[in-house]
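K.L.:
Below: one structure in structure tokens.
The values are calculated or read from the model by the stated rules, or taken from the named source; none is laboratory data. It should be emphasised that the depicted structure is a prediction, and the values quoted were computed from it without experimental measurement. Here the Cβ positions follow ideal geometry from the backbone for every residue, glycine too, while neighbour counts run over all protein chains shown. Ligands, DNA and RNA are excluded from the accessible area calculation, which covers all protein heavy atoms including side chains. Shrake-Rupley method; radii C 1.70, N 1.55, O 1.52, S 1.80 Å.
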Amino acid sequence: MQIGELTVIAWHETGHAVVARAMGVPVECVSIKGRRPVTRYGRARSPEEGVWITLAARVIVLELTGSPELADYGADGDSEALESFLRGFSTHSERERVMEEVQTGLPDLVRSNEPAIKKVAQELLKREKLSRRELYHLLKDLLVRKVSEPFHLRLLSWVRRLVGRDLGCD
């Protein structure tokens with residue numbers, strides 16, 4: 001199957017937009033017009049959100065094409081953004097924890113949002129640009145949100161790793 005360049009770019013930009021919305025981050029617009037396709041989204045509330053949103057594009061293209069080469073296509077600015085978000089973690093272990101969560105959680109989030117991703121990418125290919133209103137309308141009733149683990153469960157997990165044993169608090 002031959003996949004067109006513009007299709008890969010549409011999937012890429014849609015990846016940023018859909019995962020941003022799944023995490024509750026506002027998206028202003030998505031565009032594949034011109035030489036510099038872009039997804040304009042609000043500021044990520046944490047480095048963790050930024051990592052998820054940045055890596056979403058690559059994961060989506062990889063999931064839809066199965067091609068690691070195509071996954072990096074159109075990701076010129078993503079590497080810089082990712083490095084910036086990774087510098088936002090206070091410890092190396094925090095960075096490693098997030099990257100482990102992203103490795104399993106992001107593909108799951110992408111798969112659960114595949115109908116939304118395909119619908120948005122298809123419209124993006126037709127129109128070349130989607131406004132906030134158009135994007136939110138397309139995602140209505142399709143978007144699967146990322147549910148964060150409750151803080152107390154994350155804290156318990158962290159403490160268990162720290163002491164290396166079961167605390168019997170379940």
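K.L.:
Name the pairs whose Cβ atoms lie under 8 Å apart, with the first residue in segment 79-107 and free of Cβ contacts under 8 Å to residues at least 40 places away in the same chain and over 21 Å from His12 (Cα atoms), the second in a helix (DSSP H, G or I) and among the hydrophobic types (A, V, I, L, M, F, W, C), and 6 or more positions between them or separate chains?
P.N.:
Taking only residues 6 or more apart or on different chains, the pairs are Arg95/Leu86.
K.L.:
Go over the candidates Glu69, Glu49 one by one and state the one that is under 15 Å from the mean Cα position of the chain (by Cα) and acidic (Asp, Glu).
P.N.:
Unique residue meeting the criteria: Glu49.
K.L.:
Does Pro37 qualify as being surrounded by 12 or more Cβ atoms within 10 Å (Cβ to Cβ), under 19 Å from Val120 (Cα atoms) and at pLDDT below 90?
P.N.:
yes
K.L.:
Identify all residues within segment 7-27 that are surrounded by fewer than 14 Cβ atoms within 10 Å (Cβ to Cβ) and under 16 Å from Arg127 (Cβ atoms); write none if there are none.
P.N.:
none
K.L.:
Another question about this same structure. Test Val30 against the stated conditions and say whether it is within 12 Å of the chain's Cα centre (by Cα) and either over 18 Å from Leu143 (Cα atoms) or not hydroxyl-bearing (Ser, Thr, Tyr) (or both).
P.N.:
Details: within 12 Å of the chain's Cα centre (by Cα): no; either over 18 Å from Leu143 (Cα atoms) or not hydroxyl-bearing (Ser, Thr, Tyr) (or both): yes.
Considered against the rule, which asks whether it is within 12 Å of the chain's Cα centre (by Cα) and either over 18 Å from Leu143 (Cα atoms) or not hydroxyl-bearing (Ser, Thr, Tyr) (or both), Val30 comes out as no.
K.L.:
Shifting gears a bit: Can you tell me which residue in segment 41-91 is modelled with the lowest pLDDT, limited to those that are within 30 Å of Gly4 (Cβ to Cβ), open to solvent by 60 Å² or more (accessible area, probe 1.4 Å) and not in a helix (DSSP H, G or I)?
P.N.:
So, considering only residues that are within 30 Å of Gly4 (Cβ to Cβ), open to solvent by 60 Å² or more (accessible area, probe 1.4 Å) and not in a helix (DSSP H, G or I), the one modelled with the lowest pLDDT is Asp76.
K.L.:
Looking at Arg111, is it open to solvent by 80 Å² or more (accessible area, probe 1.4 Å), of a type in the set (Lys, Arg) and under 15 Å from Gly15 (Cβ atoms)?
P.N.:
In short, yes.
K.L.:
Does Leu125 qualify as being assigned to a helix (DSSP H, G or I), farther than 26 Å from Ser46 by Cβ and modelled with pLDDT of 85 or more?
P.N.:
Judged against the criteria, Leu125 is a match.
K.L.:
List every residue pair whose Cβ atoms lie under 8 Å apart, where the two residues are 6 or more positions apart in sequence or sit on different chains, the first residue falls within segment 34-47 and is closer than 16 Å to Ala17 by Cβ and in contact (Cβ under 8 Å) with a residue 12 or more places away in the chain, and the second residue, located anywhere, is surrounded by fewer than 19 Cβ atoms within 10 Å (Cβ to Cβ) and of a type in the set (A, V, I, L, M, F, W, C).
P.N.:
Short answer, once both residue conditions are applied: Val38/Cys29; Thr39/Cys29; Arg40/Cys29.
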